[in-house]
């Protein structure tokens with residue numbers, strides 16, 4: 001799947017690289033929630049976040065928008081877990097209709113939804129863009145660790 005990145009997105013990706021030395025694979029400017037979502041190369045997440053989140057705060061000051069970062073993974077389940085972090089994803093399943101169902105720990109359901117549904121929307125954007133998969137339901141799952 002070919003994705004085109006506009007000038008503004010390329011500028012934001014370059015800004016991240018200059019300030020943090022981390023590699024961003026993609027950048028989504030989400031006007032609805034006034035944020036920038038970076039897709040970070042596998043293994044570069046610590047570098048991108050910085051000690052105690054300093055790099056994220058620095059990026060937010062420079063760009064004047066809320067910054068969110070998701071670590072890329074070629075496996076859809078790991079990618080989905082990363083998109084919903086810090087919520088505890090118990091499992092990911094694909095329904096008969098081809099849509100993804102995500103099972104979240106009871107205590108983390110609010111975190112997984114996000115304020116105004118922003119976390120679900122982030123996951124929906126990223127899953128459709130990278131795996132050509134639609135996010136179906138986000139449900140409370142049974143914790144297998146309890």
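Only one of the listed residues (92, 70) is outside any helix (DSSP H, G or I) and modelled with pLDDT of 95 or more. That residue is 70. The set of residues in the range 80-89 being touching a helix residue (DSSP H, G or I) at 6+ places or on another chain (Cβ under 7 Å) and in a helix (DSSP H, G or I) consists of 80, 83, 84.
Only one entry of 53, 93, 117 meets the criterion of being within 23 Å of residue 12 (Cα to Cα), without any contact (Cβ under 8 Å) to a residue 40 or more places away in the chain and surrounded by fewer than 17 Cβ atoms within 10 Å (Cβ to Cβ), and that entry is 53. Restricting 98, 46 to residues that are in contact (Cβ under 8 Å) with a residue 24 or more places away in the chain, surrounded by fewer than 18 Cβ atoms within 10 Å (Cβ to Cβ) and either part of a loop (DSSP other than H, G, I, E, B) or outside the structural domain of residue 134 (by TED's automatic domain parsing) (or both) narrows the list to 98. What do you reckon, is residue 16 part of a helix (DSSP H, G or I), out of contact with any helix residue (DSSP H, G or I) (no Cβ under 8 Å at 6 or more places or on another chain) and either on the phi > 0 side of the Ramachandran plot or touching a residue at least 24 places away in the same chain (Cβ under 8 Å) (or both)? So residue 16 does not fit the description; no.
The values are calculated or read from the model by the stated rules, or taken from the named source; none is laboratory data. Predicted model only: the values in this text are computed from it and were never measured. Methodologically, a virtual Cβ is constructed for each residue, glycine included, from the backbone with ideal geometry; neighbour enumeration extends over all protein chains shown.
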